[in-house]
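See below for the structure under consideration.
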Amino acid sequence: MQHRPAERFSLRSLTLSEWVLMALLAAANGVLTSGLSWVNKLLHSMGGPMLTSSLVGLYMIYGLLAMYIIRKPGAALMTYALGACIQILVGTAYGAWSAIAAAACYAIVIEPIFYLFHYRHYNWGAMLFVGTAAVPLWFVVSAFMFGYIQYESWVLIVTLLIRCLSGMLLCGALTKVIGDRLAPTRAVRPFALGRDYREHQG
């Protein structure tokens, strides 16, 4: 299931069908996060950054899911870029720059990790690790952007731990669950996930 040669980073390897899939995932995320951002603001008013941190993984899942299905260099990067553009068009409670910064932070972490994995490793350990690792950079940026840095140290530490747990479960684990459910379906037959599933079954 993981015998393909390592791929060099090149967006030219992405096919039209893969671009369409990335756009669909980005569009779905734009709708989801435009609603979640208002929920997040409500949660923040009730429990500060710790309560809002419980949903962080959902904001990241679309790019990681694209990578899980497509398994090519640039899949996460371009999906996050498209997602940020769509969030700006749809509207977000936190403003355009937050959408751009968040997408950049996720992509900057996730793409290099899969590059080091040679775009071959998508087991549970890898997905949980990536979901967790994608959190800290955006946490630091958002702490300064939204003023979380003014909170006490223990609040920031607990908030980061909650975010990492959310990233691990609602991004890493949920991506794995959704991807594995999609693997045997016709919807992903043209993509690497579908091909790997058929090779493994054969």
Please verify whether A101 is touching a residue at least 40 places away in the same chain (Cβ under 8 Å), touching a helix residue (DSSP H, G or I) at 6+ places or on another chain (Cβ under 9 Å), part of a helix (DSSP H, G or I) and surrounded by 15 or more Cβ atoms within 10 Å (Cβ to Cβ), treating the condition exactly as stated.
yes
Number of positions in the stretch 161-185 that are under 15 Å from G125 (Cβ atoms), surrounded by fewer than 19 Cβ atoms within 10 Å (Cβ to Cβ) and in contact (Cβ under 8 Å) with a residue 60 or more places away in the chain:
1
Would you please name the residue that is modelled with the highest pLDDT, looking only at residues in the stretch 38-60 that are under 16 Å from R163 (Cβ atoms) and of a type in the set (G, A, S)?
G57
Give me the pairs, please: first residue somewhere in the stretch 17-39 and under 16 Å from L77 (Cα atoms) and outside any helix (DSSP H, G or I), second residue anywhere and modelled with pLDDT of 85 or more and of a type in the set (G, A, S), beta-carbon distance under 9 Å, and either six or more positions apart or on two chains.
none
Collect the residues in the stretch 83-98 that are among the hydrophobic types (A, V, I, L, M, F, W, C), open to solvent by less than 30 Å² (accessible area, probe 1.4 Å) and in contact (Cβ under 8 Å) with a residue 40 or more places away in the chain, keeping them in residue-number order.
A93
Restrict the check to the stretch 71-82 and report whether at least one residue is surrounded by fewer than 24 Cβ atoms within 10 Å (Cβ to Cβ), among the basic types (K, R), out of contact with any Cys (no Cβ under 9 Å at 6 or more places or on another chain) and not in a helix (DSSP H, G or I).
yes
Filter result for the condition that a residue is of a type in the set (A, V, I, L, M) and over 23 Å from I178 (Cα atoms), over L58, L51, L77:
L51
Going by the conditions given, is V56 closer than 20 Å to V155 by Cβ, touching a residue at least 60 places away in the same chain (Cβ under 8 Å) and either open to solvent by 50 Å² or more (accessible area, probe 1.4 Å) or among the aliphatic types (A, V, I, L, M) (or both)?
yes
Can you find even one residue in the stretch 137-160 that is aliphatic (A, V, I, L, M), within 23 Å of E18 (Cα to Cα) and either out of contact with any strand residue (DSSP E or B) (no Cβ under 8 Å at 6 or more places or on another chain) or open to solvent by 70 Å² or more (accessible area, probe 1.4 Å) (or both)?
no
Within the stretch 108-122, of all residues that are in a loop (DSSP other than H, G, I, E, B) and open to solvent by less than 30 Å² (accessible area, probe 1.4 Å), the one modelled with the highest pLDDT is Y122
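The values are calculated or read from the model by the stated rules, or taken from the named source; none is laboratory data. Predicted, not measured: the structure shown is a model, and the values here were computed from it. Backbone-built Cβ (ideal geometry, glycine too); neighbour counts: all protein chains shown. All accessible areas refer to the heavy atoms of the entire protein, side chains included, with ligands and DNA or RNA removed. Shrake-Rupley method; radii C 1.70, N 1.55, O 1.52, S 1.80 Å.
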